[in-house]
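Beneath this line is the structure, given in structure tokens, with notes to follow.
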Amino acid sequence: MKSFENKTILITGGTGTIGQAVTRYLLNENVKKIKIISRNEFKQHETKIKFNNSKIEFIICDVRDYTALNSVMQDVNIVFHTAAMKRIEICEKNTQEAIKTNIVGTMNVINAAGNNNVETVVNMSTDKAVKPDFVYGTTKNMAEKLIVNANKKFKTKFVNIRSSNVTWSTGNVFHIFYEKLMNNEEITVFGENMIRLFVNPEDIAKQFHYAYSKGQGGETFVILTNSIRISELAKAMQEIIGKGKITLKDHLRPGERFEEILIYAEEVERAFKTGNYVVIMPKEEKELMQKYAENEKFNMEYYSTHNSPELSIEEIKKYITLTEFSKI
């Protein structure tokens, strides 16, 4: 894959779970500098102590603030855009704020990167962006489209990565269940048959690298993964920890759905297998599709929790102990 040697890389939302995973990955890649921007000064202080590395520069900067963002990008080669409002229920109740961060913030990243002749921008998207029917998914869907269309305006390459739920990220069900069970508290599972796709933060870091290496501009790189039934995740984690209580409820919370789709049917005709990923071409980009013509076509009807490999309880237990919080 393409080298990061002597590159200056900006990570938006860099103090979050994904941002920190990407930072750890980049520190092994001989980069020149990593710029981490975020809004939370305490998180920046914590992250600075955690890494204690002179190659990392921490800057208080909000992606909503174009002027500040434009200034920060002046000597940047690559941008990894992870900053977002992502809590579904909070986005539902704070629609305008979600739009400001997830849509306007992405527009600001695009314009600042383009105006500063950044080499490549990789935007992190989510399975929630596929056929969305709630605020968070809609804002991320719009961000994907903005990234694709930005290639018509600037010389900078703009590409998306699309992932599923990230294990152990702040607010993720893995993290919530673990904290509550360790405190011998009750956990509530909404929708007994709810299934979700999961991926590790370390795999997302590799996905960013792959998209940077292979992206020509306009593609969406999707990582395929396994699915886990949430009720069985709760049982598996309770069996490992040995305390706490589980309550199952039939209904879903606002903005949630039983099934999640990572690649929908209309995208399949524009999708190719490449390495461990599927790359989706933008619509009506025949020249770009020709560059992937030698790759194997993605031949499933669509990709979702319905047709992805589902882990058993024993496999879930093994997965839990192999991931970041293996201390449990």
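The values are calculated or read from the model by the stated rules, or taken from the named source; none is laboratory data. Note that this is a predicted model, so its numbers are computed, not measured. As a convention, Cβ positions derive from the backbone with ideal geometry for all residues, glycine included, and neighbour counts pool all protein chains shown.
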- Item | Members of region 191-204 that are buried (at least 20 other Cβ atoms within 10 Å of the Cβ) and assigned to a helix (DSSP H, G or I) | 201, 204
- Flag for residue 159 being buried (at least 19 other Cβ atoms within 10 Å of the Cβ), more than 24 Å from residue 118 (Cβ to Cβ) and of a type in the set (A, V, I, L, M): no
- Item | Those residues of region 224-249 which are surrounded by fewer than 20 Cβ atoms within 10 Å (Cβ to Cβ) and either touching a Cys at 6+ places or on another chain (Cβ under 6 Å) or of a type in the set (S, T, N, Q) (or both), in sequence order | 226, 231, 238, 247
- Quick check: anything in region 276-298 in contact with a helix residue (DSSP H, G or I) (Cβ under 7 Å, 6 or more places away or on another chain) and not in a loop (DSSP other than H, G, I, E, B)? yes
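Working only within region 117-131, note down all residues that are buried (at least 18 other Cβ atoms within 10 Å of the Cβ) and either free of Cβ contacts under 8 Å to residues at least 60 places away in the same chain or not small (Gly, Ala, Ser) (or both).
Passing the criteria: 118, 120, 121, 122, 123, 124, 126, 127, 128, 129, 130.
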- What number of residues in region 146-174 are closer than 14 Å to residue 217 by Cβ, basic (Lys, Arg) and either touching a residue at least 12 places away in the same chain (Cβ under 8 Å) or outside any loop (DSSP other than H, G, I, E, B) (or both)? 3
- Message: So residue 261 passes all but one of these: (1) in contact with a Ser or Thr (Cβ under 9 Å, 6 or more places away or on another chain); (2) farther than 29 Å from residue 220 by Cα. Which condition number does it fail?
- Response: (2)
- Message: Which pairs turn up if I take residues in region 287-315 that are among the acidic types (Asp, Glu) and look for partners that are crowded, with 17+ Cβ neighbours inside 10 Å with beta carbon separation below 6 Å, at least 6 apart in sequence or on another chain?
- Response: 310/227
- Any chance you could count how many residues in region 28-78 are in contact with a strand residue (DSSP E or B) (Cβ under 7 Å, 6 or more places away or on another chain) and assigned to a strand (DSSP E or B)? 10
- Message: Exactly one of these conditions fails for residue 17: (1) hydroxyl-bearing (Ser, Thr, Tyr); (2) modelled with pLDDT of 95 or more; (3) surrounded by 14 or more Cβ atoms within 10 Å (Cβ to Cβ); (4) closer than 24 Å to residue 210 by Cα. Give me its number.
- Response: (2)
